[in-house]
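Have a look at the structure below, then the notes.
The values are calculated or read from the model by the stated rules, or taken from the named source; none is laboratory data. Being a predicted model, the structure only gives us computed values, none of them experimental. With ideal geometry, Cβ positions are generated from the backbone for all residues, glycine too; neighbour counts draw on all protein chains shown.
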Amino acid sequence: MERVEFLVLKSLLHNEDFLRKTIPFIKPEYFQDTNQKVVFEEISDFVNQYNETPTQEVLSIEIEKRGDVTEQSFKELIQLVGCLEPEPQELDWLLNTTEKWCKERAIYLALMESIQIADGQDDKKAPDSIPSILSDALSVSFDNHVGHDYLNDYEERYELYHKKENRIEFDLDFFNKITKGGLPNKTLNIALAGTGVGKSLFMCHMASASLLQNKNVLYITMEMAEEKIAERIDANLLNVNIQDIVELPKQTFETKVNNLAQKTQGTLIIKEYPTASAHSGHFKSLLNELALKKSFRPDIIFIDYLNICSSSRYRAGSNVNSYTVVKAIAEELRGLAVEANVPIVSATQTTRSGYGSSDVELTDTSESFGLPATADLMFALISTEELESLGQILVKQLKNRYNDLSIYKRFVVGIDRAKMRLFDCEQTAQDDILDSKQEEEYNYEEKPKKSFEGFKF
């Protein structure tokens, strides 16, 4: 580690690009050697005061001015400065190495501080501060983006407007319409429904559809076993009623799976965690492990489901209200989506009042209104006896950052629960559901609105 610290000091003195990109993020306490810490402090102070990099001679003079340096230490410091000769290094490698060192040191120091707080050795900080201290350390990274210069960066902005955004498309027409072509990366997308309505079915179907698009899919389950999720996806992709899968001869099953493998270049990984045992930190570790052991990087992540995740900020059983916890989980998952550069799809339960409501609103989100505040797309899945008899399920948009919420605010999709599939309905199935703005906007023939009473969730 001292070798890295020595390299950092040399690079700060002789590589201005490196200095500008890193010095806002390096802290004196990261240096384990006292003399190296002093040298860094002098470099940092000089840059802050003069906006220039000190030479080795100037650095020696500034160190001599310090009143806290003994004669022996001064000799060692001057010797250290004299050794800080230029050593050309590849900039990207140097930045990555330094960022990793900063993160490791930040985590180590945070752990030591947390232990002291937990042992009562720090009377200035309460134990409640520990999650925040650890979270800050885990979030250490070099972010050098200083913002978008509106007038000078217009070309970059124009190119962005005309660049086709990478999206994960649905195999359902109306979902593509409301999202303008699918789910973008770095987003959190939530399905809201009651028990048994179809949250997991929706995610299993979408995971199956994404795999057929040659996408790498990661499905994290905390409600059902890996094998049960795989069974649902088998029903969907192998075109077999879920109750009949067990009756398939092994050769038939093998043939179907092999035929499926020839239809996609993607990979589907299903990972099970016990309920409420895992949070975004565990998911990050999983991503790193999958990349290392299987060379697998997901294009989309499904988390089944949000409410039974834990939060990295709060310990299980701690005296924290559900609003705060669920909001924290949502924020952490969206942060994971940004870091992994993928869309994340998850689900949440309705409130008790939502179960018996004839219509679902954002206020029917179980436990936390902070969840819809964080999500990019949120929609309700609604079932009635009438819709079930027709083999349909109603979708109602609740929040949409991709498109006008009032367009196609409500629509139906077909549902085959036996094969764990969703499918597009005929246009006539939508006619009684369209809101007036939709009818005007898309010139659909005006129909009397249907009353959706007796909805169950």
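Quick notes
- Pair list, Cβ under 8 Å, 6 or more apart: segment 413-427 residue closer than 19 Å to Lys228 by Cα, other residue basic (Lys, Arg) and not in a strand (DSSP E or B): Met420/Arg232
- Going through (1) farther than 27 Å from Leu138 by Cβ; (2) buried (at least 18 other Cβ atoms within 10 Å of the Cβ); (3) not charged (D, E, K, R) one by one, Leu9 falls short only on (1).
- In segment 381-391, the count of residues that are under 30 Å from Asn241 (Cα atoms), charged (D, E, K, R), modelled with pLDDT of 85 or more and in a strand (DSSP E or B) is zero.
- Members of segment 403-432 found to be part of a loop (DSSP other than H, G, I, E, B) and surrounded by fewer than 19 Cβ atoms within 10 Å (Cβ to Cβ), listed by number: Asn403, Asp404, Leu405, Ser406, Ile407, Arg417, Ala418, Asp424, Glu426, Asp431, Asp432
- For segment 293-310, the set of residues classified as assigned to a loop (DSSP other than H, G, I, E, B) and either in contact with a strand residue (DSSP E or B) (Cβ under 9 Å, 6 or more places away or on another chain) or surrounded by fewer than 21 Cβ atoms within 10 Å (Cβ to Cβ) (or both) consists of Ser295, Phe296, Arg297, Pro298, Asp299, Tyr305, Cys309, listed by residue number.
- Check on Leu77, assigned to a loop (DSSP other than H, G, I, E, B) and not charged (D, E, K, R): no
- For segment 28-49, filtering for residues that are under 33 Å from the mean Cα position of the chain (by Cα) and touching a residue at least 24 places away in the same chain (Cβ under 8 Å) leaves 3.
- Test: Met206 is part of a helix (DSSP H, G or I) and either under 20 Å from the mean Cα position of the chain (by Cα) or of a type in the set (A, V, I, L, M, F, W, C) (or both): yes
- Among the residues making up segment 20-46, those that are crowded, with 18+ Cβ neighbours inside 10 Å, of a type in the set (A, V, I, L, M) and either assigned to a helix (DSSP H, G or I) or at pLDDT below 90 (or both) are Val38, Val39, Ile43.
- Selected residue (criterion: modelled with the highest pLDDT) from residues of segment 433-446 that are farther than 19 Å from Glu385 by Cα and surrounded by 13 or more Cβ atoms within 10 Å (Cβ to Cβ): Leu434
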